[in-house]
Structures are given as structure tokens and as C-alpha cells.
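See below for the structure under consideration.
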Amino acid sequence: MSDARETIAAISTPLGEGAIGIVRVSGNRAFDIASQIFRDLSGQRKRDLKPWGVRYGSIVDPETGEHIDEALAIAMPAPYSFTREDVVEFSCHGGVSVLMKVLELVIRLGARLAEPGEFTKRAFLAGRIDLSQAEAVIDIIRAKTDSARRLALANLRGDLSSRVNRIRDNVLTLIAHIEASIDFPDEAVDAMDVEDMVERAEEAVAALKELADAGMSSRVYRDGVSVVFVGRPNVGKSSLFNALVGKARAIVTDIPGTTRDVIDDWISIKGVPLRLVDTAGMRETGNLIEQLGVEAANRQAEEADLVIAVIDGSRPVCDEELDMLTQVADKSGVVAINKCDLECFVNEESLMPYAGDKKILRMSAKTGEGLRELEEALAGLAVERITGTSESPVMANLRQLEAVQNAMHSMKEAKDALGRGVLPDLVAIDIHEALFWLDQITGRSASEDLMDKIFSEFCIGK
Ligand SMILES: Nc1nc2c(ncn2[C@@H]2O[C@H](COP(=O)(O)OP(=O)(O)OP(=O)(O)O)[C@@H](O)[C@H]2O)c(=O)[nH]1
Ligand SMILES: [Mg+2]
């Protein structure tokens with residue numbers, strides 16, 4: 001692992017052209033390095049940093065005297081910074097070469113390039129945030145909708161941690177009771193005590209179950225609901241896809257078999273992110289490339305949360321179309337009879353036996369008719385996936401959910417064992433296991449490997 005005493009630096013804004021770009025420096029040499037390169041506008045005199053203040057000045061190469069940029073510098077002394085170390089941030093002009101040059105200078109003066117997520121890792125190691133809060137930082141950056149951002153922010157403020165810690169306190173009390181009965185076997189545990197313990201274990205199981213549900217329901221906000229267009233070639237899947245995303249993302253032609261790759265884009269309806277996926281038209285084909293496209297389309301349809309099964313309304317329904325509907329009969333979604341601006345050869349009733357629970361809607365990608373109804377139907381289905389599971393969702397990623405499930409499993413075992421009168425030593429093993437899993441969430445018991453894996457998902461500079 002990298003040495004935490006080293007001073008680290010990175011460009012913390014995306015590389016590209018922007019009004020402002022930030023170079024961040026953290027560690028006990030941060031102020032010293034800054035004082036060597038930060039000058040007044042003439043470049044002659046050192047510009048002293050003001051703790052908690054913003055100073056305007058020039059960044060100058062102390063060896064050559066070359067002016068590199070005009071910048072604002074913010075100094076945040078330890079321990080009141082994100083990393084709890086001395087931190088300086090230079091807000092420069094947002095160009096690649098400016099930022100690279102400033103970073104180069106800072107590194108030449110003794111800082112080292114930060115690893116991905118290293119600033120956040122230092123905040124974690126310094127005890128400023130726990131692991132679930134560190135993970136919330138990634139979630140905030142990746143949030144695609146307002147609801148996802150709000151849930152991620154709640155975690156940064158400790159929502160998940162405090163729920164976990166409340167359960168943990170309960171579990172700790174239980175362990176204390178049990179271990180007391182191991183240490184002082186003479187004062188035999190009476191029936192009342194055991195009942196009390198079983199009750200506590202039950203409470204913990206229920207709280208873990210609630211947390212697991214709350215976490216599951218938030219996955220919709222976090223990962224979105226996937227909606228896959230399926231149908232025969234040329235029915236207008238790509239046209240509808242483009243109409244919903246509001247731009248010409250997919251190529252549309254009158255040649256059947258136009259789309260071959262899987263194309264996706266995000267839209268948001270009622271705060272729920274929907275990942276729309278356009279696919280190749282389903283048909284038997286001798287063309288290898290198209291065939292691969294069709295196979296990918298089948299896979300997407302299988303994995304989708306929702307499907308939009310598109311039928312061309314301007315021609316009579318054929319067997320292949322009915323086969324396609326049968327194939328996705330179990331899926332939630334919508335059957336879209338497209339091209340309703342043309343003379344119609346398809347009636348809803350004939351499709352009903354093949355549609356499953358799906359609503360059958362008429363629409364036209366060309367005129368926009370029926371698109372609002374399609375959006376409303378999708379929003380309703382997406383919201384259905386959220387409600388009914390939990391009233392107070394909490395953002396939880398797969399790792400955290402798995403840990404909650406494992407903790408719940410161990411607590412259940414412990415509860416059953418207590419009820420059966422199993423020896424306290426053995427019950428304690430299960431409860432310690434539950435504790436271990438809870439501590440994986442907050443990072444109390446996280447291994448170095450696990451931390452490295454989590455922080456490697458961050459971008460550099462965060
Ligand atoms: N009149 C009319 N034409 C449409 C409508 N939607 C799509 N089309 C036309 O139908 C043809 C096929 O449209 P696409 O959107 O490429 O169809 P697709 O289902 O994606 O086709 P593949 O990618 O080949 O599977 C194009 O010529 C579109 O302009 C519609 O609502 N009305
Ligand atoms: Mg297409």
C-alpha cells in the first residue's frame with residue numbers, strides 16, 4: 001500500500017476544456033509546495049495562503065520564473081479538510097496543458113501522483129468517513145437522477161452507516177449477554193434470559209430484513225430500469241427509441257436489418273432512470289453479423305426489466321411476430337402497435353392472447369401520436385418496481401446488500417439455535433459472524449484487498 005505520509009496531488013476535474021480546472025494537493029508538504037509556486041500577479045513576491053480563505057495570484061515555476069497560469073488558491077489546514085491533512089486546491093483555467101503543467105510542478109516539488117480514490121481513502125483511513133460513506137461519494141458522482149443523488153447524499157451523511165450501527169449495537173448487547181453466560185456458567189441462564197435473547201435476535205433479524213428491502217428498492221434508483229425494444233426488422237424500433245430519447249441516436253432506414261449493435265441511452269421519468277435499449281430486429285438470417293445482432297437482442301430481452309414489443313400496424317401480423325410476442329409473454333412491458341399514421345391492419349384483440357400482462361398501445365414514431373401514453377405506461381411500470389418494497393429506501397450497492405443478507409442469515413441461525421437451547425459458545429460463533437458482516441459495510445472489518453477494490457473504482461483526483 002502507498003505511504004499515507006506522502007503528499008499526493010491530482011487533477012480533480014475532468015480533462016478537457018472547461019472554464020475552471022482544479023489541482024488538489026493533500027499532505028503535510030501541501031502548504032510548503034504551494035508557497036513555492038504561488039505568487040502575486042507580477043510573479044515577484046510570494047503570495048501567502050490564508051487558511052480558509054481564497055487568494056488570487058499566479059502560479060510560477062520557481063526554477064525558471066515562467067508564469068503558468070492565474071489561479072485561485074484555497075488552503076484547508078488539517079484536521080478540518082476532507083482528508084484531515086493539509087490540503088491546497090488551485091482553481092486554474094480548465095485546459096489540459098495548464099492543468100498538466102501545474103500538476104507536473106507540484107510533483108517536481110515533492111508530491112506524488114494520487115492513485116484513484118486516494119483522497120477519499122485517506123478520509124476513510126483518518127476516520128472522517130466510514131466505508132459506506134466513501135462508497136456514497138462514487139454514487140453521488142454517478143447519480144443519473146435527482147432521487148439517486150438524494151439517496152447517495154443521505155449515505156454520505158451516514159444514513160446507511162447509522163442504520164447498520166443501530167443493528168450492530170443490538171447485536172453487541174446480545175453477544176455481551178451470551179458471553180457473560182459462557183464466562184459465568186454457574187449463574188445458569190434462566191428461562192427468562194433465553195427468551196430475552198431470542199427476542200433480541202429476532203429484532204435484529206427483522207431490522208436486517210427491513211434494511212435489505214430498503215436497499216433492494218433503491219437499486220431501481222441506482223441502476224435504473226432497463227427497457228428493451230424487441231420486434232421484427234423494420235417495424236420502427238429505432239424510430240421509437242429515438243423519439244423517446246429525443247435525439248437521432250440510432251440509425252433509421254427502410255432496409256430491414258438496419259440495427260445490429262445494442263444501442264442504449266438514459267432517460268428519466270418521474271425521477272426513475274430508464275435505460276432504453278434498441279436492438280436488432282428478430283428474424284432468421286443467413287447474415288453472420290445480423291445473426292450476432294439477433295442473438296444479442298435475445299439476451300437483452302431476457303435480462304430486461306421491461307420490454308417494448310413493437311409490431312408494424314401497417315401490415316397484417318405474421319407468425320414470426322406472434323412467436324416474438326410469445327417469447328416475451330412473461331415479461332412486463334408494453335406491446336406497441338407502431339405506424340398508426342398509416343392504414344391499420346392489426347387489431348388489439350387479436351394480440352391479447354399473446355401479450356401477457358402487457359398493455360397494448362397504438363402509436364406512431366413518425367407523428368408522435370401515442371408516445372405520451374407509452375411514456376406514462378413505462379413510468380407506471382417503473383414506479384411499480386419501487387413502491388411496495390420499502391417506504392424509506394436506502395442506497396445500497398451489491399456488496400453492501402450481500403453483507404446485509406449474510407448478517408441476516410447468521411442472525412437467523414443464532415436465533416434458531418438459542419430457541420433450541422444450543423450451547424452459548426456455539427451461538428456466539430453465529431453472532432460474531434453477523435457482526436463481521438455488519439462491519440464489512442462500514443469498513444470496521446474490511447480487508448486491505450476489499451478497500452483497494454472499492455477505491456480503484458474511483459476516478460483519479462477524488
Ligand atoms: N409511416 C411510418 N413509418 C415509420 C414509423 N416508424 C418507423 N417508420 C419507418 O419504418 C422504417 C424502419 O424504421 P426503423 O426505426 O429503422 O425500424 P427498426 O425496427 O429499427 O428496424 P431494424 O433496425 O431493421 O430492425 C423506416 O423507414 C422508418 O422511417 C411510423 O410510425 N410511421
Ligand atoms: Mg433499428
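The values are calculated or read from the model by the stated rules, or taken from the named source; none is laboratory data. Note that the structure is predicted; figures quoted are calculated from it, not measured. Here the Cβ is made from the backbone with ideal geometry for all residues, glycine too, and neighbour counts use every protein chain on show. Please note that ligands, DNA and RNA were not included when accessible areas were found on the heavy atoms of the full protein model with its side chains. Shrake-Rupley method; radii C 1.70, N 1.55, O 1.52, S 1.80 Å.
Selection of helices (runs of 4 or more DSSP H) fully inside segment 354-462 by the criterion of at least 3 residues being among the basic types (Lys, Arg) and open to solvent by 10 Å² or more (accessible area, probe 1.4 Å) returns 398-420. Considering segment 155-164, the residues that are of a type outside the set (D, E, K, R) and surrounded by 17 or more Cβ atoms within 10 Å (Cβ to Cβ) include one that is farthest from Ile429 (Cα to Cα), namely Leu156. Within segment 262-289, residues that are among the acidic types (Asp, Glu) sit with their Cβ atoms under 8 Å from residues that are within 14 Å of ligand 2 (Cβ to nearest atom) and open to solvent by 30 Å² or more (accessible area, probe 1.4 Å), at 6+ positions apart or across chains, in these pairs: Asp265/Arg249; Asp278/Arg249; Asp278/Val262; Asp278/Ile263; Asp278/Asp264. For segment 262-294: of the residues being acidic (Asp, Glu) and within 16 Å of ligand 2 (Cβ to nearest atom), which is nearest to Val252 (Cα to Cα)? Residue satisfying both the conditions and the ranking: Asp278. Among (1) open to solvent by less than 20 Å² (accessible area, probe 1.4 Å); (2) closer than 30 Å to Leu156 by Cα; (3) not in a loop (DSSP other than H, G, I, E, B), which single condition is Ser91 missing? Here Ser91 meets the rest and fails (1). Could you check, for segment 120-133, whether at least one of its residues is of a type in the set (Gly, Ala, Ser), in a helix (DSSP H, G or I) and under 30 Å from Asp265 (Cβ atoms)? No, every residue in segment 120-133 fails to be of a type in the set (Gly, Ala, Ser), in a helix (DSSP H, G or I) and under 30 Å from Asp265 (Cβ atoms). Just so you know, in segment 280-306 the residues that are more than 14 Å from ligand 1 (Cβ to nearest atom) and open to solvent by less than 30 Å² (accessible area, probe 1.4 Å) include one that is nearest to Leu244 (Cα to Cα), and it is Leu306. For segment 110-152, a residue qualifies if it is buried (at least 21 other Cβ atoms within 10 Å of the Cβ), of a type in the set (A, V, I, L, M, F, W, C) and within 15 Å of Asn397 (Cβ to Cβ), and the qualifying residues are Leu131, Ala134, Ala136, Val137, Ala148, Leu151, Ala152. Look at (1) more than 11 Å from ligand 2 (Cβ to nearest atom); (2) open to solvent by 20 Å² or more (accessible area, probe 1.4 Å); (3) over 22 Å from Asp305 (Cα atoms) and you find that Ala201 fails only one, number (2).
Scanning segment 42-84 for residues that are within 30 Å of Lys121 (Cβ to Cβ), open to solvent by 70 Å² or more (accessible area, probe 1.4 Å) and not in a strand (DSSP E or B) yields a count of 4.
Every residue in segment 228-248 that is without any contact (Cβ under 8 Å) to a residue 12 or more places away in the chain and closer than 19 Å to Glu290 by Cα, please. Result: no residue meets the conditions.
Scanning segment 247-260 for residues that are more than 6 Å from ligand 1 (Cβ to nearest atom) and either surrounded by 15 or more Cβ atoms within 10 Å (Cβ to Cβ) or under 23 Å from Arg372 (Cβ atoms) (or both) yields Lys247, Ala248, Arg249, Ala250, Arg260.
Residues in segment 240-251 that are within 8 Å of ligand 2 (Cβ to nearest atom) and either touching a Phe, Trp or Tyr at 6+ places or on another chain (Cβ under 9 Å) or small (Gly, Ala, Ser) (or both): Phe241, Ala250.
Tell me, which residue of segment 223-239 that is within 13 Å of ligand 2 (Cβ to nearest atom) and assigned to a strand (DSSP E or B) is surrounded by the most Cβ atoms within 10 Å (Cβ to Cβ)? Residue satisfying both the conditions and the ranking: Phe229.
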